[in-house]
Amino acid sequence: MTASVSARTIRIGSRKSQLALVQTHWVQDQLRQLYPEHTFEVQTMTTQGDNILDVALAKIGDKGLFTKELEVSMLRQETDLAVHSLKDLPTHLPEGLMLGAITERVDPADALVVHERFGEYALASLPEGTVIGTSSLRRLAQLRYHYPHLEFKDIRGNLNTRLQKLDAGEYDGIILAVAGLQRLGFGDRIHQVLPGEISLHAVGQGALGIECRADDPDILALLKGLEHQPTAQRCLAERAFLRELEGGCQVPIGVNSERVADQLTLTGMVASLDGQRLIKDAVTGPVSTAEDLGVQLAHRLREQGAQEILDEIFASARASVQ
Ligand code: DPM
């Protein structure tokens, strides 16, 4: 494929974490193969989320914690695009930026990783009081709902740190995305992939989102070569659902999306943090109306009480910040 622009150096912004770099280098490789006439450079930077390691993620609660510095650098013309885990990319982007492409999704499910002393157990048979590490409100709420006898403890740090804490015995098990474990070569640590009936995944989980300036048609044209249309349709439906519920990246909201022929089925849930209430529903319709389906699903859950749950969570998050 030949691009319509003359040869230039294109700067890709990335966080410094190992997972971020694996993802960014994958995008860099793809771009190099598609457009050998251009040079693609990676510029790493630290985000606010990387600096705050001792506070539970849910308490910080800020949207764009892992994306802001990357976005500022694009707006200053210091970089041209940024690679994110799509699930970390807020549904409202800063003025002047846009989602240029969504790459092919890998398995979006969550996985249980256990300490070796629990190697014989499946999630459903873990004994009373087993300590599960997660700082995802979505995972916490769903697991509390299904398994009220388990205990939960916050866990922070990158994937390696989390696995080390698990192996050191600080937790009996931890929940992580299949996608992240596989990308870092820890696929063999997956003890059990959680079915959708137990844990609906985060919006956009397993896909990469590439952000760029909205007024840069050359970059946008290049990025279209990386777009995976079926993934993009599913993820746009999921993101519309989250946007309509006004949920940030730290909310107990989960989804699943499935495409059969030209029909898309979107399943969504909102749960209370104590695991007492879980509201779940699904909508099906033509894939060409993906974003409408997301909005419809949000309305359905709201009619069933989802807003009440979210308002309680936002109110208590505000109270804990003050
Ligand atoms: C977001 C959440 C988490 C990440 C919240 C959620 C997990 C936090 C935690 C929005 N971002 O999922 O409900 O468990 O403490 C993150 C991971 C990946 C991207 C790691 C993971 C890899 C998977 C992917 C952190 N962001 O979820 O285990 O690319 O989809």
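Please treat every number below as a calculation from the coordinates, not as lab data. Note that this is a predicted model, so its numbers are computed, not measured. Note: ideal-geometry Cβ built from the backbone for every residue, glycine included; neighbour counts use all protein chains shown.
Tabulated values for the structure
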{"item": "Principal-axis tilt of helix 290-303 within the chain, Cα atoms, nearest 10 degrees", "result": "30"}
{"item": "Kirkwood hydrodynamic radius (C-alpha pairs) into Stokes-Einstein, region 250-297, 10 °C and 1.306 mPa s, D in µm²/s", "result": "139"}
{"item": "Full-extension gain in nm, E246 to L93, via 0.36 nm per residue minus C-alpha separation", "result": "53.8 nm"}
{"item": "The chain: relative contact order in percent, alpha carbon pairs under 8 Å with at least 6 residues between", "result": "21"}
{"item": "Kirkwood Rh in Å, taken over region 228-322 so that all alpha-carbon pairs contribute", "result": "13.6"}
{"item": "Inter-probe distance in nm under a simple model that places probes 7 Å from Cα toward Cβ, at Q48 and Q18", "result": "2.7"}
{"item": "Packing-based exposure ordering (other Cβ within 10 Å, fewest first) of L194, L112", "result": "L194, L112"}
{"item": "Efficiency of FRET between Q276 and H299 - r from beta-carbon atoms, R0 25 angstrom, step 0.05", "result": "0.60"}
{"item": "Antiparallel bridge percentage (DSSP; both residues within the chain; nearest 5)", "result": "70"}
{"item": "Where only alpha carbons of the chain are counted, the Rg and the Dmax (Å)", "result": "19.7, 63"}
{"item": "Label-reachable residues, region 134-151, where backbone N falls under 18 Å from a point 7 Å from E197's Cα toward its Cβ", "result": "142-148"}
{"item": "Members of K16/K165; K16/K224; K165/K224 lying beyond 32 Å, as alpha-carbon distances in this model show", "result": "K165/K224"}
{"item": "Normalised alpha carbon radius of gyration of region 110-193 [divisor 2.2 N^0.38 Å]", "result": "0.98"}
{"item": "Segment Q77-T161, extension gain: residue separation times 0.36 nm, minus the distance between their alpha carbons", "result": "26.9 nm"}
{"item": "Among 124-130, 203-209, the order from most to least packed when residues are scored by Cβ within 10 Å on average", "result": "203-209, 124-130"}
{"item": "Per-residue Cβ neighbour rank within 10 angstrom, fewest leading, V42, V193", "result": "V193, V42"}
{"item": "log10 of Debye I(q)/I(0), alpha-carbon scatterers only, for region 64-128 at 0.15, 0.25, 0.26, 0.29 Å⁻¹", "result": "-0.63, -1.13, -1.19, -1.35"}
{"item": "Packing-based exposure ordering (other Cβ within 10 Å, fewest first) of C235, C212", "result": "C212, C235"}
{"item": "Separation in nanometres of the label points that stand 7 Å from Cα toward Cβ, at F314 and W26", "result": "3.3"}
